[in-house]
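The values are calculated or read from the model by the stated rules, or taken from the named source; none is laboratory data. From a predicted model like this one, the values you see are computed outputs, not experimental measurements. In this analysis, Cβ positions are derived from the backbone assuming ideal geometry, glycine residues included, and neighbour counts consider all displayed protein chains.
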Amino acid sequence: MNRTPRRLFAVVGIGVMLALAVPLSSASSTEDDPQILRVGVPNDLTTANPLSLRSGSDWNVATIQYDMMLQFGNDDLSPQPGLAKECVPNGDLTEWTCTFQEGVLWSDGEPFTARDVAFTYELVINQEISTYAQYFTEGTTFETPDDTTLVWKSKMPTSQPETPPWIYILPEHVWSEYADLDKADLRAVENVPSVTTGPFTLTEVDRGQNWTLTKNPNYWGDEPNYDEIRFQLFTNQDAMAQALMNGDIDVATNVESALLPSLESDPNITVQRNVSDWWLNLAFNFGGQGEDSDPLSALQDKTVRTAIAMAIDKQGIVDKAYDGAATPGTSLIRQVPEQWHYDVPEDEQIPYDPDAANTLLDEAGYLRGDDDVRVDPATGDRLVIRMPISQETAGALPAGQLLVGYLDQIGIEVEIFPVNEGKMYSYWNAGDWDAYIWYWTGEPDPNYQLTTLMSNQCGELSDGCWANADYDALVEQQETIIDPEERQAVVQEALALSYAEVPSIALAYPNNIEAYRNDQVTNFTPVPGDNGYLIPNYNNVGMVTVEPASESSSSAAGASTGMPAWGWAALIGGVGVATFVFFRRRGRVDEEEG
Amino acid sequence: MTTTDTAVTTLTVSPRRLVWQRRLDALTRSWVLYRHNRQGIVGLGFMLFFIALALAAPLLVSPEDIEPATAQGQPNHSPYAGYPLGTDNFGRSVLDLVIVGSRISLLVGVTATVVAVSLGATIGLVSGYYGGTKIDVGLNAITNWFLVIPWLILAIVLSSILGASVWIIIVVIGVTSWAQPARLIRAQALSVRARPYVERARVLGCSDRAILSRHILPNVAPVIFANAILTVAVAILTETTLSILGLGDATAISWGVIIEQAFSAGAMTNGYWWWMVPPGIAIVCVTLSFTMCGYALDEVLNPKLRGR
């Protein structure tokens, strides 16, 4: 027994040290020589190669560095002059002539020419880079009669040059040596330090830690106010929020909605909520993909799917899964950009009405069995939905937990399986699921998003192999329409159809949340519109205009909104006791073994 | 009942009955010793309380109150009337969650222990009985291998490959924590094996199996039992650890899962102490109670430890 007190002291000692360590993180220095914008991000940079972008951080970094031919407009993401001043089509839209700015230099001092654009597009086509190749119709060629002119020749009419194609232009004099590599090797090119036309170039990457972009001295636009942008990776959201509150970083991106109460109560922090570039989707499986695919056949019945849609309280999901930082979902295209979003008219809306859903199912013959779960009259199967849920998608798990209760009200049982991304793909691949909750993300142009529900995408982009000939026809039709208003009408018709037929349910359009210290940084340019992204997602204008706040008050007020002291004490005490018990037990075992 | 029957039972006691009588006596003696062990009684009290809580949970908490869709409380609220421990992000009472969580936590703790200890006991017994032979060397090597592997990493790898469900967590904990008991039981079996009556049994022609099950197992059983009680505490902590790391079954409410969900809902930063502290205290109390019982049993059953 006489050994115990010493161990106890050790444990208490560790506890005290932990307690002392907690308030140690304090405000950092303010005025350094180079102006550095410090950005906290939760996703690591997986690649700096614009041909293999994957994570959100990859896109941020590429967008800051590179320019597209035409760029997305600040307000509505419409095509605006960038490297190219304009693109003019001929009469039948098979030939587009793009004129470029003169005197643009790459960050290494080489002159930029139309040849670089042609090189990049040809590289994308030849290497079949799937993310980008969709912009080019079969047999597209490019000609560069002089340094500032590109002629885009398509065999069929196309409006893609004005989409605009979301392809970052690479320098031919650097990338030509990689052009003949295998696709895998090409996509593995490290590209650090990079050569770009944008306001910054990537100069340093410490994977899993941080990465730094440095001002491009040859940038063709206005000179950025910051000399460097340093991204700091935070694998823990709480740590990122604390760093922001302590002033260790200036901006935090992709903040979880759960942290809003703390951030919004801090007067030095401004929170920016915008319509995220992804949304939460509930997809149904119609079968057809995977050998073991045996989805619940009742889901083929539109009545059942409609009843499910009626039983889901989307506002409840917004409030409880996203703490209010989202809007209820309707169709495939979220509110950005506005012109492609389909605002479902009142009389076409599927209302939230569990009672009506019950009536609907009763009338269709799906009667409740002894255990209160409905039975399919055609097959005799109980209505039990096996529902994998992507655990890494923000809000997906709470939404799934809510769905269990919502569908219980209408006599449908839901078994949820929260799994990681890899497992989601294998479920999808095997077709071994009835419905799942995952996310969708796309580009401003609606074509890609609409394509995902086409019947020919079964096994490619389609979630559950839904097939509807009318829908296919509408999507194919909108692709060929050049006139924006005419196209809008067809796009909305397709969206209305896919909303009414319920092949999937858009549960929520979550907000993307960014937060910055208004005492350290100011003058962002949100894109698109006032509620847009601060850290570039569509164009890099914001990184040029952003500047240090004038009166940068050095006192980062440490208004602690964290756990009260006794909460910490209880936690540390608990850990201490547990450790103590553990050590004691281990000691005992050792004694006995010896 | 005839007179002859009565005569037989009073005069000669059947061997089986004798054995049971003796075991009962031993148990009573142990209980008397245990009763005087304050640590043991406190631990037992707590343990019974939590077991009763787990069994009574369905009576105390209605399913609607812990169903995210139907919970009535205000989300993320500190303790208020009707919600003595506050609410979580779905507006569920944290008190209800902690009560319901006891079921999964104890279920996993006890079942995983059964898996671990039966695995450990079998391997330990066989290895001890055949001490020094090739069987022993082989089994010992396996045991050592599992002892050396960092259990947490093994558990993380296993649960991420196999997926997250309560039963898989049980298997994972079982597989990663049998080696310690196996070691202990092997040592005990080695010493029992050397006793004269085992030799006598062998001379009388008992098979290995009979000796193991009739003579060695009963003598090792107390050690196995005491060890099992201690293993429950470790299993509950392991389940908590895995859940907090996000490797648990998020759909089954256990104390670890409650803490994990509190973490991911920003409870640390937002200061939702009412959501994190109660399940933590529950874990500490339960593991402590099982550990205290285990120590007390150890002292009762192991004369060497008595009086320290």
| query | Can you name every residue in the range B:169-220 that is within 14 Å of another protein chain (Cβ to nearest Cβ) and either without any contact (Cβ under 8 Å) to a residue 40 or more places away in the chain or surrounded by fewer than 16 Cβ atoms within 10 Å (Cβ to Cβ) (or both)? | reply | B:S191
| remark: Among the residues of the range B:250-285, the number that are in contact with a strand residue (DSSP E or B) (Cβ under 9 Å, 6 or more places away or on another chain), closer than 15 Å to B:A164 by Cα and assigned to a helix (DSSP H, G or I) is 0
| note | Taking the range B:221-257 and keeping only residues that are touching a Phe, Trp or Tyr at 6+ places or on another chain (Cβ under 9 Å) and more than 13 Å from chain A (Cβ to nearest Cβ), one is left with B:E239
| Going through the range A:377-396 one residue at a time, which ones are over 19 Å from A:D432 (Cβ atoms) and in contact (Cβ under 8 Å) with a residue 60 or more places away in the chain? | A:A378, A:T393, A:A394, A:G395
| task | Considering only the range A:93-147, state which residues are crowded, with 17+ Cβ neighbours inside 10 Å, under 22 Å from A:D180 (Cα atoms) and among the small types (G, A, S). | result | A:A114, A:A118
| Which one of these is farther than 19 Å from B:V286 by Cα and in contact with a Gly (Cβ under 9 Å, 6 or more places away or on another chain): B:S127, B:S105, B:S177? | B:S127
| field | Failed item in (1) more than 14 Å from every other protein chain (Cβ to nearest Cβ); (2) modelled with pLDDT under 90; (3) touching a helix residue (DSSP H, G or I) at 6+ places or on another chain (Cβ under 7 Å), with B:G82 passing the rest | value | (3)
| task | Determine which member of the set A:G431, A:G422, A:G459 is more than 14 Å from chain B (Cβ to nearest Cβ), under 25 Å from B:W167 (Cα atoms) and either surrounded by fewer than 18 Cβ atoms within 10 Å (Cβ to Cβ) or out of contact with any strand residue (DSSP E or B) (no Cβ under 9 Å at 6 or more places or on another chain) (or both). | result | A:G431
| remark: Listed by range, helices (runs of 4 or more DSSP H) wholly within the range B:134-249 having at least 3 residues that are closer than 28 Å to B:A262 by Cβ are B:151-162, B:166-176, B:217-244
| remark: Of B:L55, B:L107, the only residue that is without any contact (Cβ under 8 Å) to a residue 40 or more places away in the chain, surrounded by 12 or more Cβ atoms within 10 Å (Cβ to Cβ) and closer than 29 Å to B:W178 by Cβ is B:L55
| query | Which members of the range B:286-303 meet the condition of being surrounded by fewer than 19 Cβ atoms within 10 Å (Cβ to Cβ) and either at pLDDT 95 or above or facing chain A (nearest Cβ under 9 Å) (or both)? | reply | B:N302
| task | Determine, yes or no, whether A:N90 is out of contact with any strand residue (DSSP E or B) (no Cβ under 8 Å at 6 or more places or on another chain) and within 30 Å of A:I482 (Cα to Cα). | result | no
| request: Tell me, yes or no, whether the range A:310-320 has at least one residue that is more than 14 Å from chain B (Cβ to nearest Cβ) and within 26 Å of A:T451 (Cα to Cα). | output: yes
| How about the range A:236-252: which of its residues are touching a residue at least 12 places away in the same chain (Cβ under 8 Å) and either in a loop (DSSP other than H, G, I, E, B) or hydroxyl-bearing (S, T, Y) (or both)? | A:G247, A:D248, A:I249, A:D250
| Matching entry among B:G163, B:G91, B:G132 (being at positive phi and either away from every other protein chain (no Cβ under 14 Å) or among the aliphatic types (A, V, I, L, M) (or both)) | B:G132
| request: Would you point out the residue of the range B:63-79, among those that are within 16 Å of B:A252 (Cα to Cα) and free of Cβ contacts under 8 Å to residues at least 40 places away in the same chain, that is farthest from the other protein chains (Cβ to nearest Cβ)? | output: B:D65
| query | Of all the residues that make up the range A:512-540, how many are among the polar types (S, T, N, Q) and in contact with a Ser or Thr (Cβ under 6 Å, 6 or more places away or on another chain)? | reply | 6
| request: Tell me the strands (runs of 3 or more DSSP E) entirely within the range A:127-215 that contain at least 3 residues that are free of Cβ contacts under 8 Å to residues at least 40 places away in the same chain and not basic (K, R). | output: A:141-143, A:200-206, A:210-215
